[in-house]
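The values are calculated or read from the model by the stated rules, or taken from the named source; none is laboratory data. Computed from a prediction, not measured in an experiment: that's the story for all the values here. Please note: Cβ atoms are built from the backbone with ideal geometry, for glycine as well, and neighbour counts cover all protein chains shown. Remember, those area values only see protein heavy atoms, side chains included, never the ligands or the DNA or RNA. Shrake-Rupley method; radii C 1.70, N 1.55, O 1.52, S 1.80 Å.
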Amino acid sequence: MDQIFEEEQRHLSDVYATLTAMRDDLSTDLETRHRGIAQDLRDMSEEIRPDFAGADETMETLAAIETLNSVIDAYNQSHDFAVDKLRRILLLLMQPYFAKVRLQMRPEEPAQDVYIGSTGVTDDSRRPLIVDWRSPIAETYYNQEMGPTSYQVNGRMRTATLELRRQFDISRDVLRMYFDTTVAIEDSLLLRALRRHHSEKLQAITATIQREQNAVVRHDDTPVLLVSGVAGSGKTSVLLQRIAYLFYREREALRPEQVYLFTPNDIFGRYIDTVLPSLGESNPQTFTWRGFLAHLGLSERGTGADSSPDRLSLLEERLPQLQLDPDDLRGIRVGDTVLLKPSQVAGAARKFERFPVGPRFAALVGDELHSRLERRLTQLSKSVAVHEEILSLDIDEQVEIFGETINSALEEELVGHARTYVEHRYASAHDSIDQLGWLRMDRIGMRLLDAQGISAAEWLYLKLLIAGRGERDARYVMIDEVQDYTVTQLMVLARYFSRAHFLLLGDEYQAIREGTATFDQIRSIFDETHGGTERLSLPTSYRSSPEITELFASLMEDASDVSLTSVRLPGVRPSFLQTSGHDDYLRALRHMADEATDDEGLTAIIAADRGRVSWLGKQLGERVRVVHKDESLPKEGVVLLDLGLAKGLEFDHVIIPDAQAEVYPDTPLSRRRLYTAISRALHKVSIVAQGDMTPLLADRMER
């Protein structure tokens, strides 16, 4: 009988019973309180007797109203706190905790056991029952230093002695096993997790975060953090844990809509969308580059991702000398109603033509246009046509616009509502002024560049140069697979989110397109816009078996500063097959797809490009499921997709077709593309060539 196991199971049962009781009490309390709150507020409001006859009576009435408002605020705060606590308890009931540390805080005091979970909760005595993994004291678990260790609380260093570091495999109130560990690379829980098969959704790595990963997750806030990680090092998981950590650290100040996450494609976005909710947090705003441009209303033009950055620099260089002419300006209108004519906009611009076109000029002209628009709205509010429109509103529309129904018999009331009505109807006109809708950006951009058209990236960059601002409310921007972005894209994002802090994660060896930014170029861009870039590395691969890791590591050029290792147990050696002709090649692929159908987990046939996916899909038929960018991955079976969509994903078995020299010649780009494709595999890799194997892998066949 394992006495420790029995003791830990008893503790788990006690904690689970406590959580269950807390859940039931909170649910009952919320239900009861919800019924009682409305009656309490009605009673209080009926006790208020409005009296504004004199100064004293007025003060007394206002004080009573303020008291009622304070009670309402207190009810709301109490309700929100209870709902949040219930949410955390429901999350913990699935797995109360995953680790425990025993800390000797002071020599004269007994050691303290701290249980760590995906979120934290206190008992009825306000003592920590389970500590959130993001709390300062939980860092002693991730430090992986037995003996003297330390952690920071509100900027102050605390020291302790770590006597025990224990990990648990728990499902609800059942303890499956425990492990006492010292350094993470030997952790049994980690190795068990790594033996898993592919899942259709990325899983949180909270229980198995390694020391170098923790350094990224808990890194001090900095303008730009650039993380270089080898394939399978957990970059995306670390990024999401970092977001969860920021939400915890800035609980009162940071909202999900202030965090932007850029992902390589829509499949990847859906692959990761359950990680943060599983940690009790909301997902941030998530975009691809195309999705971001569509969000800004720029989807109808070329993305400009591959435009030369020199064109952006040329816009910046020539803008101060720009002289606007009347055709560069447009009027302000909403629907068919012209609110400010082009000539009025031109008049406003002429008032400030002594200033170069730029942020100051745009602000001054904008203020003038807002003033002119206000006068125009005042004029409209007095028109008979507007009054007739108001009288034709149905009751629902009246309540929506005015907050009440209106009395059409009272002329003075109608006149008072007219101003509210025109402000409601033409509110977008003020937004149009703020968004520089009075400038013909295309015409200006084409003139500055001596070009027949401008891309979305160039259009947006020009607007940022003139406005001097982008997204003001953004606090953090996370870019995954940053090595796939061009200098042009990053210049635009750095300027658009000039006030935000950036986390950039990538692997230069996974740059699968020509012309993307190097890490040196990335640092240069953000050094200029944000004043400096810190860099961290993730050198250990956790995804692939040692055999697969060794294969894709052999494709890395100039990697003397990279120590790529795998912590997995030995697995299956990669297989290589050269076929003698077209029919032999297709026969081999069909046989592999048929065999993979019966395997556990998900197999991916990763083709070099979309054209090959289309051709192979016709040849393989129902054996495979062709995955498109707007779909999610299945849990099992055989899928066919191109390398661009496979970025960031993982599969139990990867089959690489067309591995001949014509498709993968001996070039740096082909090395990176093969490195990326091979490193998607967890357990097995099969490489098939139609004819001779690519010279990049030919020598591997002989080993």
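A few points about this structure:
- Think of each Lys and Arg Cβ as +1 and each Asp and Glu Cβ as -1; about the Cα centre, that makes the dipole of the chain roughly 1700 debye.
- Look at [x] 28.9; [y] 30.1; [z] 27.8: the one that is Kirkwood radius over Cα pairs in Å derived from this structure is [y].
- Peptide ranges 654-661, 596-603, 78-85 listed from the most packed, as the mean C-beta count within 10 angstrom indicates: 654-661, 596-603, 78-85
- Trp133, Trp615, ranked by accessible area, largest first (probe 1.4 Å): Trp615, Trp133
- Per-atom-type breakdown for region 613-660 gives carbon and sulfur 44% of the accessible area (1.4 Å probe, protein chains only).
- Counted over the chain, the DSSP beta bridges are approximately 40% antiparallel.
- Note: relative contact order over the chain, using C-alpha pairs below 8 Å and six or more positions apart, is 13 percent.
- The chain: DSSP helices with Cα axial extent of at least 27 Å and average Kyte-Doolittle hydropathy no lower than -1.0: 3-47, 55-92, 359-381
- Near the amide H of Leu175, within less than 5 Å, lie no amide hydrogens of residues on another chain or at least 5 residues away, with H placed in the peptide plane.
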